[in-house]
Amino acid sequence: MSISCGLKLLRRNCLFSRLLLAQTKDCYRTCLSKGQRCVSDVPSTEVWKSSQRSSGRFCFSSPLSLGEKITSLHITSVGPLPHRCAGSTQVVRSIRTSPSFQAAPFPLFWIIVKPVQKLFAIIVGRSIRKWWKALPPNKRELLKENVRTNKWKILLGVSSLGVLFVVFYFTHLEETPITGRARLLVFGKEHLRQLSQMEYSMWMEKYESKMLPETDARYQLVKRVVGHLSESNKDIPQVSALTWAIHVVDEAEVNAFVLPNGEVFVFTGLLNAVSDIHQLSFILGHEIAHAVLEHAIEKASLVHFLDFLSLIFLTMIWAICPHDILAVVGQRIQSKLQEFIFDRPYSRTLEAEADKVGLQFAAKACVDVRASSVFWQLMELVETIKGEPKLPEWLSTHPSHENRAEHLDRLIPEALKIRERCNCPSLSGPDPRLVFRLNRQHLLESYKAQETQNSINQDLSKTKLDFPHT
């Protein structure tokens, strides 16, 4: 979602509460022809047909509340979904919103020891500096001469230490499920299960009062989508091994994440932001992919390995820098370099992999995979409308909305082939990506007109307050 940190995932406020609230009729006139569905509402498979027979459909400018939108799906009338891909895991190999990793599970021992390690490195480095300054000049020269005499032995010792790190790295490589990518895993899966339970307790305590009951239509919607995704991909051992539990949080935040133990958390802000059930299916497929591919423990393993290596550089910084202030600055620079050179690019790689596998999961569930890139184009449109500054991608743990949409567009042809191999019903209606592009300018113009009208109304209200006697 982390979606992860992550959907670790999107900003607060959804598109539909702001776009064209006063332009409902105009939206329907933008459809390609009379009787066609609205911009992003292009249901094209029989899988979801029974859930969308109502005339009330999701539209970019729909003024419906979340409850009305969910009710319009007639979720309670959805019977057993008729199709499930029976292909093997090999089918998926042909082709991978949470919290993103801000809450990634770490072994308890590391949580306690990690700050102690850094403090120990600082103390050792500072002690070396003070010891060196306290040495008489003649002893300093003698020590330098000994270093020059034994430089090859010292170099051999340092090289041996480097070899140990390399050996440790390659002996802890494992193959990522589904994609087959080699990755570093330092922690065991037992630690992952224990810490997942701890994290689950933390989130439940935080949102206990905001959990929707199982009888709520929004809960039933998420349960139906997750159930269909897991059923359609149960030929994958990592999917069938997990028991999926649903938790819908009544929060405006546009977010969703899946813990490594299969606990699914979805915020109502996300349900209000997606345009149709196909987009929701892809997003949940993305978050399920994070859990199936064990991205949390992979990320924790890499951070732990890099932190251990950084202790050597941290000790050197505090030993070499002549003053504590310079050492603090050097430590800060070293930390930022590690973050922007290793941590953030790696997180973006995991997000891209989750997009790829999540798209496969959605394709095997006979979802209209073309809606996946439309969602991120919508998020980009939100940023444009709100005038939010677009930071460079290298500053983020997630790919930019634009690059994410382009990446998915490149993956969609292969995902469509997966749908065909799974004997899914053919997609009907216009491509939602094309429809979105045709209506994007109209949405922007309508929003600007609405903003202008709101500004005028505010000015009039202010005038009335200034002259109450009128």
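The values are calculated or read from the model by the stated rules, or taken from the named source; none is laboratory data. Predicted model only: the values in this text are computed from it and were never measured. Neighbour counts are summed over all protein chains in view; Cβ atoms, including those assigned to glycine, are modelled from backbone coordinates with ideal geometry. Each accessible area value is taken on the protein alone, full model and side chains, heavy atoms only, with ligands, DNA and RNA left out. Shrake-Rupley method; radii C 1.70, N 1.55, O 1.52, S 1.80 Å.
Consider only pairs whose beta carbons are under 7 Å apart and that are at least six residues apart or on different chains; among these, list those whose first residue lies in region 156-181 and is of a type in the set (S, T, N, Q) and whose second residue is outside any helix (DSSP H, G or I).
So the pair list comes out as Thr176/Arg183; Thr176/Leu293; Thr179/Arg96.
When only residues in region 266-282 that are under 15 Å from Val249 (Cβ atoms) and among the polar types (S, T, N, Q) count, which is most open to solvent (accessible area, probe 1.4 Å)?
So the residue we want is Asn272.
Looking at Leu173, Leu229, Leu143, which is the one that is aliphatic (A, V, I, L, M) and either open to solvent by 80 Å² or more (accessible area, probe 1.4 Å) or under 23 Å from Phe257 (Cβ atoms) (or both)? Break it down into steps so the answer makes sense when it comes.
Working: Leu173 fails: either open to solvent by 80 Å² or more (accessible area, probe 1.4 Å) or under 23 Å from Phe257 (Cβ atoms) (or both); Leu143 fails: either open to solvent by 80 Å² or more (accessible area, probe 1.4 Å) or under 23 Å from Phe257 (Cβ atoms) (or both).
After applying the criteria, what remains is Leu229.
May I ask you to list the residues in region 415-441 that are outside any loop (DSSP other than H, G, I, E, B) and under 22 Å from Glu231 (Cβ atoms)? Before you say what the answer is, go through the steps one by one.
From region 415-441, those outside any loop (DSSP other than H, G, I, E, B) are 415-421, 432-441; that's our starting set.
Selection gives Ala415, Leu416, Lys417, Ile418, Arg419, Glu420, Arg421.
Which of the residues that make up region 333-351 are surrounded by fewer than 17 Cβ atoms within 10 Å (Cβ to Cβ) and under 28 Å from Lys417 (Cα atoms)?
Answer for region 333-351, where residues must be surrounded by fewer than 17 Cβ atoms within 10 Å (Cβ to Cβ) and under 28 Å from Lys417 (Cα atoms): just Thr349.
Restricting attention to region 133-157, and to residues there that are outside any helix (DSSP H, G or I) and over 52 Å from the mean Cα position of the chain (by Cα), which single residue is farthest from Cys321 (Cα to Cα)?
So in region 133-157, the residues outside any helix (DSSP H, G or I) come out as 135-136, 150.
Narrowing further to those that are over 52 Å from the mean Cα position of the chain (by Cα): 135-136.
On the way: Leu135: 17, Pro136: 19 Å.
Per the criteria, the residue is Pro136.
Given (1) open to solvent by 30 Å² or more (accessible area, probe 1.4 Å); (2) under 19 Å from Glu253 (Cβ atoms), identify the lone condition not met by Tyr207.
The single condition Tyr207 does not satisfy is (1).
Checking the conditions here, which among Gln377, Gln338, Gln360 is over 25 Å from Glu287 (Cα atoms), within 23 Å of the chain's Cα centre (by Cα) and either of a type in the set (S, T, N, Q) or at pLDDT 90 or above (or both)?
On the way: Gln377 fails: over 25 Å from Glu287 (Cα atoms); Gln360 fails: over 25 Å from Glu287 (Cα atoms).
One residue alone meets the criteria, Gln338.
Is there a residue in region 315-327 that is in a helix (DSSP H, G or I), open to solvent by less than 60 Å² (accessible area, probe 1.4 Å) and of a type in the set (Phe, Trp, Tyr)? Reasoning before the result, please.
Step one: of region 315-327, the residues in a helix (DSSP H, G or I) are 315-320, 324-327.
Those left that are additionally open to solvent by less than 60 Å² (accessible area, probe 1.4 Å): 315, 317-319, 324, 327.
Then keep just the ones that are of a type in the set (Phe, Trp, Tyr); that gives 318.
There is at least one residue in region 315-327 that is in a helix (DSSP H, G or I), open to solvent by less than 60 Å² (accessible area, probe 1.4 Å) and of a type in the set (Phe, Trp, Tyr).
Considering only region 232-265, state which residues are open to solvent by 40 Å² or more (accessible area, probe 1.4 Å) and touching a Pro at 6+ places or on another chain (Cβ under 6 Å).
Passing the criteria: only Gln238.
Does Val258 qualify as being under 15 Å from His286 (Cα atoms) and touching a strand residue (DSSP E or B) at 6+ places or on another chain (Cβ under 9 Å)? Before you say what the answer is, go through the steps one by one.
Working: under 15 Å from His286 (Cα atoms): yes; touching a strand residue (DSSP E or B) at 6+ places or on another chain (Cβ under 9 Å): yes.
Judged against the criteria, Val258 is a match.
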